[in-house]
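Here is the structure we will look at, set down as structure tokens.
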Amino acid sequence: MHTPTLFRDRPRSIQVILGGVVSLAVGAVAGIMVGIAAGAYWAVAILAGVGGILAGFEHRDGWGGADRGLVGGALYGIGLLVAHAIAGTDATVSLGSFPPLLAVVTAIIGMLLGALGGRLARAARERAEARAERELARP
């Protein structure tokens, strides 16, 4: 089984890029797409969600994934709102009655997705370890 490099073991510059810049950039793309087409916005949002789960795989468990997901989700929401404001377009989907609250919502969603990824990664590692132990125990 391939085990990804843990986020904490990566150089600080890579942590900043993966944990912050990527989330902010993807949010900015979503912010531009929200003014162009609802389908494009949702496609970016789904890709961001999958990315949130996969980012959780770089953590030892769900707690680490949740921490990163919280930050990534918040940055995604901030990037979305700022890019949408700069673009000055009308939203094709509702951003809620108080759009800044969207950053809180995306932070919570990011936290849950990151936790899911971390938990799935932990379960996969535990299964691989158990399988390896069974292989070693065979006569």
Restricting attention to segment 90-139, report how many residues are among the polar types (S, T, N, Q), touching a helix residue (DSSP H, G or I) at 6+ places or on another chain (Cβ under 8 Å) and not in a helix (DSSP H, G or I). 1
Out of Ala107, Ala121, Ala103, Ala87, I need the residue that is farther than 17 Å from Leu70 by Cα, surrounded by 13 or more Cβ atoms within 10 Å (Cβ to Cβ) and modelled with pLDDT of 95 or more. Which one? Ala87
Sole miss for Pro139 among (1) touching a residue at least 12 places away in the same chain (Cβ under 8 Å); (2) surrounded by fewer than 21 Cβ atoms within 10 Å (Cβ to Cβ); (3) of a type outside the set (D, E, K, R) is condition (1)
Could you check, for segment 23-38, whether at least one of its residues is outside any helix (DSSP H, G or I), at pLDDT 95 or above and surrounded by 13 or more Cβ atoms within 10 Å (Cβ to Cβ)? yes
Looking at segment 81-108, which of the residues that are of a type in the set (A, V, I, L, M, F, W, C) and in contact with a Phe, Trp or Tyr (Cβ under 9 Å, 6 or more places away or on another chain) is farthest from Glu58 (Cα to Cα)? Ala91
Condition met for Leu47 (of a type in the set (A, V, I, L, M), without any contact (Cβ under 8 Å) to a residue 24 or more places away in the chain and either surrounded by fewer than 19 Cβ atoms within 10 Å (Cβ to Cβ) or in contact with a Lys or Arg (Cβ under 6 Å, 6 or more places away or on another chain) (or both)): yes
How many of the residues making up segment 39-61 are out of contact with any Leu (no Cβ under 7 Å at 6 or more places or on another chain) and either under 14 Å from Gly110 (Cβ atoms) or at pLDDT 95 or above (or both)? 14
If we keep only residues of segment 1-22 that are free of Cβ contacts under 8 Å to residues at least 60 places away in the same chain, of a type in the set (A, V, I, L, M) and in contact with a Lys or Arg (Cβ under 8 Å, 6 or more places away or on another chain), then the residue surrounded by the most Cβ atoms within 10 Å (Cβ to Cβ) is Leu18
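The values are calculated or read from the model by the stated rules, or taken from the named source; none is laboratory data. Keep in mind that what you see is a predicted model, and the values were worked out from it rather than measured. Here the Cβ is made from the backbone with ideal geometry for all residues, glycine too, and neighbour counts use every protein chain on show.
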